[in-house]
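Undergrad: Before I ask anything, let me first share the structure, which is written out below as structure tokens.
The values are calculated or read from the model by the stated rules, or taken from the named source; none is laboratory data. These numbers come from a predicted model, not from an experiment. Please note: Cβ atoms are built from the backbone with ideal geometry, for glycine as well, and neighbour counts cover all protein chains shown. These accessible areas exclude ligands, DNA and RNA; they are computed on the full protein's heavy atoms, side chains included. Shrake-Rupley method; radii C 1.70, N 1.55, O 1.52, S 1.80 Å.
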Amino acid sequence: MKSSRTYLLLVVAFLVLSFGLAADLQPQFRELRWSRADGDVFAVLLGDSRKLFANEFYTKADAYYHSGFYPTIFDNNTAFKTAHMAEDTGAVHSNNHGEEESFMGPPIDWLEKFGRNFFPDRHTHLDEGGPADDLSGSDNVREILPWLKLSTDLDPQNVQNYTVTAYWLRQRMHKTDEAYQVLLEGLHANPGSCDILFELGRLYAESYHDTNRAENVWAAAARNWKPIKGDDDTAAANNFIYEKIATQLGEAERTADHRQSAIDWFEKAQSVSRTPAALQAQIDDLKRKLAGAAESAPPPGLKSQ
Amino acid sequence: MKNIIAVAGVVIKELYRRKDFYVLFIVTILICLVMASVNIFHDDKIVRYLKELCLLLVWISSLVIAVTTTARQIPAERENRTLLPLLAKPLTRTQLVLGKFLGCWVACGLTLLCFYLFFGLLAGTREHMWPVLNYFQAIMLHWFMLGIVVALTLLGSLVFAAPSSNSTICFVIIGGILLVGRHLDHVALTLPEPTRAISQAIYFAIPHLEFFDTRDLIVHNWPLIHWEFWGLAIVYALAYIGAFLTGACLVFRRKAVN
Amino acid sequence: MGTILKTDKLRVEYRSREMRQATKIALAGLDLEVHAGEVFGFLGPNGAGKTTTMNVLLGFVQPTSGVASLFGIDVRQPIARQRIGYLPELTYYYKFLTAEELLRFYAKIFGLTRSETDQRIDQLMKLVELEHARKRPIRSYSKGMQQRVGLAQALINNPDLLVLDEPTSGLDPVGRMKVREIIQRLKDEGKTVFFSSHELGEVETVCDRVAIINQGELKAIGRVNEIKKPHHANLEQAFLEIIGFQNSSTQPAP
């Protein structure tokens, strides 16, 4: 009886010690930079490695976009370097090369030839109806959304997740409010991101038909854009988004009949474009119109960066 | 045949009286239901991620059940010494091996039926599609694949004494085949001789379990596999089942039971 | 009286897995004959070769040389086991089955019809006094009950020859008595019983004839009285003398 009371007292003493230490250490622990305590469940469980998983799920979403027809690490994936689901939104510049249909190459033996009957063997896109024969357009593209959401949750700093998700929500699913919410979340996680602001502008312009707001958002995106030096993919992608922002702003100015300002924006777009000739035609056209109306004063336009 | 069926009957009874199956089945249901309740942009028609998750759990569960149930059959008979009164009866060792195989295989089939029934209900209620023939093809291929796994594990249980080492080795082999089996011929081409020849020999010798993994076709609503190829895959599975069982009978026939 | 069990120059050698160790001779030319209707005790110290002999008779181990037959049929033929019942030592039957299910399973292997099986199970449950527990899973049985289930499974086919390996090992006195009673009843029914045991008192009580082996060789065979007579002692002392055991405590000091 005596000994059991001793054990009980010991247990209580240890519990008091634990609670006391916890109360004392907890505030200090929270201040530690490496602490995961304030993160979400993924951050607590996975730490920074969650970004690797995020990338996997992003790729998974693209595999779903192809209804499972997708290269593995053993296949030639040059035609799948840029996710097609992102490329088709117009949000990113394609880095894909090669033939999309034949990433597996011809079968090299009878066993491989036979095995190809048991997995998806045709290049399809969900927004075109997936593997079904009817390619009339489909809202099956919704199937990529869970993976994009998961990828976003795991890596909130990946802005492409937000823009791609918002595009498909808005374009194919007609869920404008959800798309708007996704972009706001993206902006919250990546303040001032010009990719997200560009997509938000498109949403205002195309879905809410609020061109003023759209122009303001694009202008903010243009202001936030910073050039990246170099010839790598990151620099190219950075230039591509600026080209799109400036082009949109140019189009908006042209629609508002602010020709000089439109020319300015198109020239800015041209300065970073991989295909400057395509924009030159528009600039020439605007300049001609401007010269034709030389006597009239140029309209006040938006301030470019 | 009646002896084989009698042995198989005991194996089936063992499976449904143990907790493994129920635990895995309930875990699968719970995970799927929790995932189904997740709100993804207020769209309740999104289903493929759920189908994929459910099928993944079904595959993992079925492999776990097949390997662990089969791996312990003969070692447990030896350890508990029930093998002695059994073989003291007019039952040949071949009949015992075949009975154990049939029991494990049928038990796996019954398990698969339960799992796929749940899968079908889950997918059907959300998709409002009931591709019965596609499911039939998938279940049969899955079941015959499990037949290969059961036969392989049974052979392993006669070669390796401990069920745990046998299970581990079988899981590694099966996982390896499912993940890289399809690509081994391409990998072999990049290797120098004699590794290339060895890799190619392994490629042709291993049972290509990945043929039977039609999850992507089911998840993404692809059309039916041509029946001709489906039938050939079944024959392919039967050939490997036969080979492994023959090996198991040969090993067991020479083994002293004491 | 017909011969039911016969071994002729039976030899079993176990090759050691370790290269350096010599081959172990488990049986060295054993000649044995058991006649119909007798209770035959098979005695010997641990490692003498009793279990090996039974393993050969039941087809578990292939003899290196020599022949063993049951009912005149080579033991390697499964049909030789159609008319025998076997109770191994220390067996843990399928825990997830009930006694009734276990017996039904073994009955199927013998090809008994459903009605024969039902009838036989009723009889056996009564014989081994497990009627009250026949629908309970075997995992809930005591050791003595498991041994009695074992005896019931050995009798499911109403065998003409019963092979019992240490049938009373690990049982309490009551359990032993019950097993002895069952053997006695089987003897009364005219069954042949071939059993190994270390309980010499028990052997003395129930056996018609005994054989004593040591180091794989047959040392003595005959009726219990014939074995005891030359040694002018009880069976235990006769057994010890036959196997050449010398008790150091009885040796005179040098």
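Undergrad: Before we move on, is residue B:187 at pLDDT 90 or above and either farther than 18 Å from residue B:146 by Cα or not in a helix (DSSP H, G or I) (or both)?
TA: Answer is no for this residue.
Undergrad: Filter segment C:65-84 down to residues that are open to solvent by 10 Å² or more (accessible area, probe 1.4 Å) and part of a loop (DSSP other than H, G, I, E, B) and give me whichever is nearest to the other protein chains (Cβ to nearest Cβ).
TA: Step by step, filter segment C:65-84, then rank; the result is C:82.
Undergrad: Among the residues of segment B:248-258, which ones are surrounded by fewer than 18 Cβ atoms within 10 Å (Cβ to Cβ) and in a helix (DSSP H, G or I)?
TA: Selection gives B:250, B:251, B:253.
Undergrad: So in segment C:101-118, with the set limited to residues that are of a type in the set (A, V, I, L, M) and either facing chain B (nearest Cβ under 7 Å) or not in a helix (DSSP H, G or I) (or both), which one is nearest to residue C:143 (Cα to Cα)?
TA: Restricting to residues being of a type in the set (A, V, I, L, M) and either facing chain B (nearest Cβ under 7 Å) or not in a helix (DSSP H, G or I) (or both), the top hit is C:109.
Undergrad: Would you please list the contacts, defined by Cβ atoms under 9 Å and residues six or more apart or on different chains, that run from a residue in segment C:119-141 that is within 15 Å of residue C:185 (Cβ to Cβ) to a residue that is open to solvent by 10 Å² or more (accessible area, probe 1.4 Å) and among the acidic types (Asp, Glu)?
TA: Correct list of pairs: C:125/C:100; C:125/C:131.
Undergrad: Still on this structure, I have one more. Of everything in segment B:42-67, what is crowded, with 21+ Cβ neighbours inside 10 Å, within 14 Å of chain A (Cβ to nearest Cβ) and in a helix (DSSP H, G or I)? Give them in sequence order.
TA: Once the filter is applied, which keeps residues that are crowded, with 21+ Cβ neighbours inside 10 Å, within 14 Å of chain A (Cβ to nearest Cβ) and in a helix (DSSP H, G or I), segment B:42-67 yields B:48, B:49, B:50, B:51, B:52, B:54, B:55.
Undergrad: Moving to a separate point now. Considering each residue of segment B:1-41, count those that are without any contact (Cβ under 8 Å) to a residue 12 or more places away in the chain and under 30 Å from residue A:182 (Cα atoms), and give that number.
TA: Qualifying residue count, segment B:1-41: 8.
Undergrad: Please verify whether segment B:197-212 includes one or more residues that are over 21 Å from the mean Cα position of the chain (by Cα), more than 7 Å from chain A (Cβ to nearest Cβ) and under 30 Å from residue B:124 (Cβ atoms).
TA: No, segment B:197-212 has no match at all.
Undergrad: Related question: What's the total number of residues in segment C:155-189 that are open to solvent by less than 10 Å² (accessible area, probe 1.4 Å) and farther than 15 Å from residue C:205 by Cβ?
TA: Going through segment C:155-189 one residue at a time, the tally reaches 7.
Undergrad: Please go through segment B:211-233 and give me each residue that is open to solvent by less than 20 Å² (accessible area, probe 1.4 Å) and assigned to a helix (DSSP H, G or I), ordered by number.
TA: If the condition is that a residue be open to solvent by less than 20 Å² (accessible area, probe 1.4 Å) and assigned to a helix (DSSP H, G or I), then B:211, B:212, B:217, B:218, B:219, B:233 are the ones that fit.
Undergrad: Looking only at residues that are touching a helix residue (DSSP H, G or I) at 6+ places or on another chain (Cβ under 9 Å) and modelled with pLDDT of 85 or more in segment C:8-36, which one is farthest from residue C:165 (Cα to Cα)?
TA: Top of the filtered list is C:12.
Undergrad: What number goes with the only condition from (1) among the hydrophobic types (A, V, I, L, M, F, W, C); (2) crowded, with 18+ Cβ neighbours inside 10 Å; (3) within 14 Å of chain C (Cβ to nearest Cβ) that residue B:122 does not pass?
TA: Status for residue B:122: all satisfied but (3).
Undergrad: Hey, any hits in segment A:75-92 for a residue that's at pLDDT below 80, assigned by TED's automatic domain parsing to the domain that holds residue A:169 and on the phi > 0 side of the Ramachandran plot?
TA: Yes, segment A:75-92 contains at least one residue that is at pLDDT below 80, assigned by TED's automatic domain parsing to the domain that holds residue A:169 and on the phi > 0 side of the Ramachandran plot.
Undergrad: Out of contact with any helix residue (DSSP H, G or I) (no Cβ under 9 Å at 6 or more places or on another chain), at pLDDT below 85 and buried (at least 22 other Cβ atoms within 10 Å of the Cβ): does that describe residue C:48?
TA: yes
Undergrad: Follow-up question, since we're still on this one. In segment B:114-153, how many residues are in contact (Cβ under 8 Å) with a residue 24 or more places away in the chain and not in a helix (DSSP H, G or I)?
TA: The total comes to 2.
Undergrad: Would you say residue A:185 is surrounded by fewer than 23 Cβ atoms within 10 Å (Cβ to Cβ) and touching a residue at least 40 places away in the same chain (Cβ under 8 Å)?
TA: Judged against the criteria, residue A:185 is not a match.
Undergrad: Return yes or no: is residue C:138 within 22 Å of the chain's Cα centre (by Cα), within 11 Å of chain B (Cβ to nearest Cβ) and not hydroxyl-bearing (Ser, Thr, Tyr)?
TA: Considered against the rule, which asks whether it is within 22 Å of the chain's Cα centre (by Cα), within 11 Å of chain B (Cβ to nearest Cβ) and not hydroxyl-bearing (Ser, Thr, Tyr), residue C:138 comes out as no.
Undergrad: Exactly one condition in (1) in a strand (DSSP E or B); (2) basic (Lys, Arg); (3) under 23 Å from residue C:128 (Cα atoms) is not met by residue C:11; state its number.
TA: (3)
Undergrad: To continue, here is another question. Just a yes or no: is a residue in segment B:86-93 within 14 Å of chain C (Cβ to nearest Cβ), open to solvent by 10 Å² or more (accessible area, probe 1.4 Å) and farther than 21 Å from residue B:155 by Cβ?
TA: yes
Undergrad: A further question on this structure: Which ranges mark the helices (runs of 4 or more DSSP H) fully within segment A:133-207 that have 1 or more residues being under 29 Å from residue A:123 (Cα atoms) and among the aromatic types (Phe, Trp, Tyr)?
TA: In segment A:133-207, the matching helices (runs of 4 or more DSSP H) lie at A:145-154, A:159-171.
Undergrad: Please go through segment C:43-64 and give me each residue that is within 13 Å of residue C:216 (Cα to Cα) and within 8 Å of chain B (Cβ to nearest Cβ), ordered by number.
TA: C:51, C:52
Undergrad: Going by the structure shown, is residue B:27 open to solvent by 40 Å² or more (accessible area, probe 1.4 Å), away from chain C (no Cβ under 14 Å) and more than 20 Å from residue B:151 (Cβ to Cβ)?
TA: yes
Undergrad: Still on this structure, I have one more. What's the total number of residues in segment C:73-113 that are under 19 Å from the mean Cα position of the chain (by Cα) and at positive phi?
TA: 1
Undergrad: How many residues are more than 7 Å from chain B (Cβ to nearest Cβ) and either open to solvent by less than 20 Å² (accessible area, probe 1.4 Å) or at pLDDT 90 or above (or both) when one looks only at segment C:85-100?
TA: Selection size over segment C:85-100: 5.
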